[in-house]
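These notes concern the structure reproduced below.
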Amino acid sequence: MDNGCTNIRISLLAAVVAFPFGVHPVPAAQLMAGAGREDITPPAGFRHWATNNATFDGVLSPLYARAMVLSDGTRKIVILQWDLVNTREDGVAKVRGLVSAAIGVPAGNILVNASHDHSAPCAPVPDERLVSVNEDEAVPAPSESINRQWVERLYAASVAAAKAADAALRPVTVEVSRALVPEWQYNRRPRRPDGTVTTIFEPKDPYTLPDGLRFGPMDPTVSILAFRDRERHSLVTLFSYPCHAVSVYSYSNAACGDWPGFAEDGVEAQVGGRAIFLQGCAGDLVPARRGIDAAREMGALIGTRVTAAAAGGLPVDVNRLEEASSRARLPWNAAQRSKTGTDYCLAEVQVFALGSVAIVALPGEPMIEIAMAIQGQSPYPHTLVLGYSNGGGTIYVGMPGELARGGYETTRDSAHGTDECGTILIDTAVSLLHEVAGRKNIP
């Protein structure tokens with residue numbers, strides 16, 4: 001008998017045994033991604049919360065709602081980024097409902113992150129007015145109609161960006177990389193010899209400290225996820241760096257995306273596609289220098305380093321997307337218990353995982369040591385920890401003992417929770433990370 005025919009019969013028999021009639025091999029999951037962007041720049045006459053409600057006096061650069069949709073063929077997740085100072089639970093719930101209805105993704109699979117841009121509006125509140133970041137002073141009545149129109153525009157733009165991202169889905173590869181930008185990060189909570197804090201918002205020299213002060217903890221790492229199509233063209237560059245976006249607002253009352261916007265512009269100019277910045281745990285971290293020129297310089301350097309790091313990224317094998325979330329009970333401080341009539345705040349902690357990469361989303365303004373603690377206990381070798389996501393929580397949150405150190409971030413108007421809140425956020429995030437990791441082997 002001809003050996004070639006024998007080999008063919010054996011191969012066919014092996015195929016029938018492996019895949020009986022009517023059963024077909026399941027193709028490996030194919031990660032797909034798409035991105036969209038819509039303008040949310042406030043109109044003329046819009047009042048700026050950060051300047052005693054004076055109106056914005058122009059536009060230095062546009063503000064955007066950016067969306068990224070990821071799909072593994074079975075499930076989708078959405079990352080929605082706002083060029084705003086914060087997120088609020090009510091506004092997040094509303095936009096999740098709208099996006100969910102528009103593209104058919106579960107509301108719990110949507111992450112909303114704010115860049116913490118102080119040259120941008122606050123997130124919406126239930127009565128569709130805008131208030132100060134501490135929720136104590138409502139915007140005056142004459143501007144309410146303008147505010148209401150802008151709020152509706154924000155929601156519509158968020159939906160449009162998500163729909164555009166969903167429509168643009170295409171097969172991608174993803175690579176993870178890191179860059180270091182120590183020149184531009186400063187912890188505004190330097191510590192005295194006795195361990196207490198003296199707040200220095202804008203240092204004369206960010207690289208030296210007087211009077212025996214010690215530098216507070218910093219993490220000048222930029223974490224980068226580069227999504228490319230089959231031709232290796234850049235589709236989306238996602239990057240995160242923990243640092244307040246406060247360079248511009250004290251020098252100009254114009255709307256501006258601050259350094260994150262300039263960094264996104266730089267990445268897009270250098271590699272193409274869309275760039276999306278996600279704010280990290282920046283509660284105590286600020287730019288080393290401020291001003292419009294400083295914002296441009298900072299953004300340009302970060303954009304250049306993101307581009308360079310992304311060129312040498314490590315491929316990530318993504319078999320499936322995973323999501324988990326939990327409502328953590330964060331105890332209010334005495335002032336907030338009296339104000340709210342409740343004992344705790346229900347604050348969402350959310351985790352997305354793709355292969356060996358995890359993204360943790362925390363509410364409010366966590367300080368950098370919160371992120372470090374989560375990363376140190378994460379089962380994922382690449383863990384991005386975000387603040388300013390999915391709601392305000394108890395606003396500023398630090399590690400146990402941080403309230404006793406004093407400083408701006410620990411006043412009752414800044415920190416609405418007790419000293420336990422940091423530990424609760426860490427424990428909740430780590431538990432979710434292990435839950436998600438336990439569903440499969442991490443590549």
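Is there a quick way to get the dipole size of the range 185-316? I mean about its Cα centre, with the Cβ of Lys and Arg at +1 and of Asp and Glu at -1; what is the value in debye to the nearest 20?
Dipole about the Cα centre, nearest 20: 220 debye.
As a calculated quantity, the FRET efficiency between D57 and R148 at R0 = 25 Å, using C-beta atoms, amounts to about 0.70. Going by the alpha-carbon gyration tensor, a ≥ b ≥ c the square roots of its eigenvalues, is the range 279-359 rounded (a/c under 1.5) or, if a/c is not under 1.5, prolate (a/b greater than b/c) versus oblate? Oblate shape, in that a/c is at least 1.5 and b/c is the bigger or equal ratio. Were the residues from S431 through D90 laid out at 0.36 nm apart, the gain over their Cα-Cα distance would be 120.2 nm. Under conditions of 4 °C and 1.567 mPa s, the range 191-339 yields 71 µm² s⁻¹ as its translational diffusion coefficient, taking Rh as the Kirkwood radius over Cα pairs in the Stokes-Einstein equation.
Take every DSSP beta bridge with both residues inside the chain and express the antiparallel ones as a percent of the total, to the nearest 5. Of those bridges, close to 75 percent are antiparallel. For the range 294-443, would you read off the P(r) tail past 21 Å as a percentage of all alpha carbon pairs? I get 51 percent for the Cα pairs in the range 294-443 exceeding 21 Å.
Where both partners of a DSSP beta bridge lie in the range 197-330, what percent of those bridges are antiparallel, to the nearest 5? If you can, show how the numbers build up before the last one.
Numbers: 6 of 12 bridges.
Taking every DSSP beta bridge with both residues in the range 197-330, the antiparallel ones total about 50 percent.
Taking label points 7 Å from Cα along the Cα-to-Cβ direction, A164 and D317 give a separation of 3.6 nm.
So, for the chain, what is the accessible surface per residue at a probe of 1.4 Å, expressed in square angstrom?
40 Å²
Here the 3J(HN,Hα) profile of the range 346-354, calculated from phi with Karplus coefficients 6.51, -1.76 and 1.60 at θ = phi - 60°, is 7, 10, 7, 10, 10, 10, 10, 9, 9 Hz, Gly and Pro shown as x. Remark: spin-label model distance L180-R337 equals 4.6 nm, labels positioned 7 Å along the Cα→Cβ axis. Put simply, when 360-369, 155-164, 59-68 are sorted by average Cβ atoms within 10 angstrom per residue, most first, you get 360-369, 59-68, 155-164.
Proximity of backbone amide H atoms, modeled 1.01 Å from N, is registered between L31 and V172 at under 5 Å, excluding neighbours fewer than 5 places apart on the same chain.
Just how many pairs of Lys in the chain have C-alpha atoms closer than 26 Å, counting pairs that are eight or more places apart or on different chains?
Counting lysine pairs in the chain gives 5.
Values [x] 1.03; [y] 0.97; [z] 1.00 are given for comparison; Rg/Rh (Cα atoms, Kirkwood Rh), derived from the coordinates here, is the one labelled [x]. Restricting attention to the range 262-419, close to 75% of DSSP beta bridges with both partner residues there are antiparallel. Working note: Karplus 6.51/-1.76/1.60 with θ = phi - 60° gives the range 106-121 the couplings x, 4, x, 9, 10, 10, 10, 10, 9, 6, 6, 7, 7, 9, 9, x Hz, where Gly and Pro are set to x.
Placing a label point 7 Å from the Cα of K440 along the Cα-to-Cβ direction, the residues of the range 65-86 whose backbone N falls under 14 Å of that point are 71-77. Within the accessible area of the chain, the carbon and sulfur atoms contribute 54%, probe 1.4 Å, all protein chains present. At the residue level, F215 shows approximately 90 square angstrom of accessible surface with a 1.4 angstrom probe and all protein chains present. Projecting label points 7 angstrom from Cα along Cα→Cβ for E231 and S414 puts them 5.1 nm apart. Look at the Cα gyration tensor of the range 202-268: its axes a ≥ b ≥ c give a/c of at least 1.5 with a/b at or below b/c, and that counts as oblate.
The values are calculated or read from the model by the stated rules, or taken from the named source; none is laboratory data. Model, not experiment: these values are computed from the prediction. Note that we place each Cβ from the backbone using ideal geometry, even for glycine, and neighbour counts take in every protein chain shown. Quick note on the areas: whole protein, heavy atoms, side chains included, nothing else; ligands and nucleic acids left out. Shrake-Rupley method; radii C 1.70, N 1.55, O 1.52, S 1.80 Å.
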